[in-house]
Amino acid sequence: MKRYASRSEEILPAQYYNLKADLKDLPKPPLNPGTRQPIGPEDLSPIFPMGFIRHEATQERFVPIPGPVLEAYASFRPTPLVYASELRKHLKTPAHIFYKYEGVGPTGSHKSNTAIPQAYLAAQEGVKTMTTETGAGQWGSALAQAGSRFDIEIKVFMVRISYRQKPGRRIMMELFGSNVVESPSPLTEAGSRFYSRDPDHPGSLGIAISEAVEMAARDDSVKYSLGSVLDAVLMHQSVIGLEVETQIEKLGVDPDVIIGCVGGGSNFSGLAFPFVCRRINGERNLRFIAVEPEACPTLTRGDLKYDHGDSVGMTPLLHMHSLGMDFIPPPIHAGGLRYHGMAPLVSHLVEMGIVEARAYPQERVFAAARTFLQTEGILPAPESSHAVAAAIDEAVLAQQENLEKVILFNLSGHGFLDINAYEMQQ
């Protein structure tokens with residue numbers, strides 16, 4: 001088989017795909033925490049730009065990608081679809097393994113797929129400052145780059161343990177002109193609750209979200225941006241799967257198993273959702289595997305319930321798998337997966353039996369990353385290494401069963417700025 005799929009400009013989609021249009025039963029709606037009634041645009045407008053709110057609320061199956069966003073995408077998209085021939089040879093498996101490599105994006109991950117449209121939509125409304133949170137720094141870096149492109153100041157609350165473990169991504173954000181703060185911080189009431197008790201508190205994405213939301217809510221000139229979980233974000237990420245549909249068709253194959261890591265659910269959804277409609281419509285009995293860390297087992301051990309997306313209770317209530325808004329995850333190196341909740345749409349698909357959830361320990365994930373580096377020559381981010389581990393397991397199972405199936409996974413980012421994490425695992 002060819003090593004790479006075509007990178008023709010014809011592969012880049014002109015529209016986002018919205019899974020909600022193909023679901024007969026939608027997830028329960030977000031609720032206003034005060035009234036417990038479904039939220040409307042007026043509930044979200046104090047913190048989000050209206051353009052983003054429209055993307056969040058739409059029920060249209062396809063949503064046009066704005067021209068300036070397409071222009072920005074075209075500098076790095078379509079991303080390669082790679083046939084993992086060396087990994088296959090190493091595993092002695094009859095399975096064919098493909099990965100969509102999102103690490104070629106501007107800051108090395110899939111996060112630019114939503115950072116760019118969010119920054120553009122905000123700039124169209126005259127927004128000059130946006131706040132956000134980041135764990136491992138992939139999302140913060142992507143929004144920092146997008147903000148610099150559309151002339152928006154970005155303020156990032158970075159989870160403290162990641163701020164200290166991953167200085168490279170902090171430096172990247174600052175090079176783009178963003179202001180990066182350790183979270184929890186004394187700059188907000190939300191952060192002070194934790195900072196005053198322990199200035200070395202490791203932090204969590206939930207706390208960092210609280211700080212970023214608070215800063216946006218108290219200043220009309222500031223808006224908030226989120227890198228995962230919400231419907232609009234998952235829709236923006238659909239460019240991944242839409243490209244793969246075209247690329248894999250050109251190769252004359254079709255996936256049997258689709259795999260992605262999950263923290264909030266954005267990169268898994270971006271690859272999987274354009275294929276989920278095939279399962280829903282009865283076209284193919286595809287398998288979908290969402291992989292999370294054992295240290296933060298939201299899908300495998302969390303309850304499906306209404307919960308806040310942050311740690312203080314400032315956000316709307318989302319119906320999702322959650323470990324509880326008070327959950328403080330251990331400081332594992334896959335900082336982008338250290339989140340207590342899961343995207344409602346991903347949670348919904350798990351409950352429907354369409355998506356299978358797995359949890360892997362950090363040691364197993366790092367071993368898979370090492371195998372991938374030694375065979376395919378790419379060092380994956382610790383987050384992406386969860387998907388690598390599951391793909392290896394599926395390939396080994398195919399070898400045991402002598403099945404020539406097609407495995408597709410999302411390599412959502414490179415691990416060049418995570419090298420210290422790998423050194424600590426030696």
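The values are calculated or read from the model by the stated rules, or taken from the named source; none is laboratory data. These numbers were taken from a predicted model, which means no experiment stands behind them. Here the Cβ is made from the backbone with ideal geometry for all residues, glycine too, and neighbour counts use every protein chain on show.
Below, the figures for the structure above:
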quantity: Count of residues meeting criterion [in a strand (DSSP E or B) and among the hydroxyl-bearing types (Ser, Thr, Tyr)] in the range 80-117; calculated: 4
quantity: Complete set of residues in the range 1-22 that are surrounded by fewer than 17 Cβ atoms within 10 Å (Cβ to Cβ) and either modelled with pLDDT of 90 or more or not in a helix (DSSP H, G or I) (or both); calculated: Met1, Lys2, Arg3, Tyr4, Ser6, Arg7, Ser8, Ala14, Gln15, Ala21, Asp22
quantity: Enumeration of residues in the range 90-132 that are in contact (Cβ under 8 Å) with a residue 60 or more places away in the chain, closer than 30 Å to Asp219 by Cα and in contact with an Asp or Glu (Cβ under 7 Å, 6 or more places away or on another chain); calculated: His110, Lys128, Thr129
quantity: Yes/no for Glu86 being more than 25 Å from Ser225 (Cβ to Cβ) and assigned by TED's automatic domain parsing to the domain that holds Asn281; calculated: yes
quantity: Some residue of the range 310-325 being within 16 Å of Leu349 (Cβ to Cβ) and either over 20 Å from the mean Cα position of the chain (by Cα) or in a loop (DSSP other than H, G, I, E, B) (or both); calculated: no
quantity: Flag if Arg358 is charged (D, E, K, R), modelled with pLDDT under 95 and either closer than 19 Å to Ala272 by Cβ or surrounded by 22 or more Cβ atoms within 10 Å (Cβ to Cβ) (or both); calculated: no
quantity: Pairs with Cβ under 9 Å, 6+ apart, first in the range 11-23 and outside the structural domain of Pro117 (by TED's automatic domain parsing) and of a type in the set (Val, Ile, Thr), second surrounded by fewer than 20 Cβ atoms within 10 Å (Cβ to Cβ) and part of a helix (DSSP H, G or I); calculated: Ile11/Thr246; Ile11/Lys250
quantity: Among the residues listed as Ile289, Ile378, Ile328, the single one being part of a loop (DSSP other than H, G, I, E, B), among the β-branched types (Val, Ile, Thr) and either over 20 Å from Glu133 (Cβ atoms) or without any contact (Cβ under 8 Å) to a residue 60 or more places away in the chain (or both); calculated: Ile378
quantity: Unique match (being hydroxyl-bearing (Ser, Thr, Tyr), within 14 Å of Ala84 (Cβ to Cβ) and either buried (at least 21 other Cβ atoms within 10 Å of the Cβ) or not assigned by TED's automatic domain parsing to the domain that holds Ser141 (or both)) among Ser384, Ser412; calculated: Ser384
quantity: Of all residues making up the range 120-151, the number that are among the hydrophobic types (A, V, I, L, M, F, W, C) and out of contact with any Leu (no Cβ under 9 Å at 6 or more places or on another chain); calculated: 7
quantity: Some residue of the range 226-244 being of a type outside the set (Gly, Ala, Ser), without any contact (Cβ under 8 Å) to a residue 60 or more places away in the chain and not in a loop (DSSP other than H, G, I, E, B); calculated: no
quantity: Residue within the range 380-402 that is touching a helix residue (DSSP H, G or I) at 6+ places or on another chain (Cβ under 6 Å), among the acidic types (Asp, Glu) and within 21 Å of Phe268 (Cα to Cα) present; calculated: yes
quantity: Filter pass, Arg364 being closer than 13 Å to Val291 by Cα, surrounded by fewer than 20 Cβ atoms within 10 Å (Cβ to Cβ) and basic (Lys, Arg); calculated: yes
quantity: Failed item in (1) modelled with pLDDT under 80; (2) of a type in the set (Val, Ile, Thr); (3) crowded, with 23+ Cβ neighbours inside 10 Å, with Ile332 passing the rest; calculated: (3)
quantity: Filter result for Gly51 (on the phi > 0 side of the Ramachandran plot and surrounded by 17 or more Cβ atoms within 10 Å (Cβ to Cβ)); calculated: no
quantity: Selected residue (only one of Ile259, Ile248 is surrounded by 24 or more Cβ atoms within 10 Å (Cβ to Cβ), assigned by TED's automatic domain parsing to the domain that holds Asp310 and either part of a strand (DSSP E or B) or more than 21 Å from the chain's Cα centre (by Cα) (or both)); calculated: Ile259
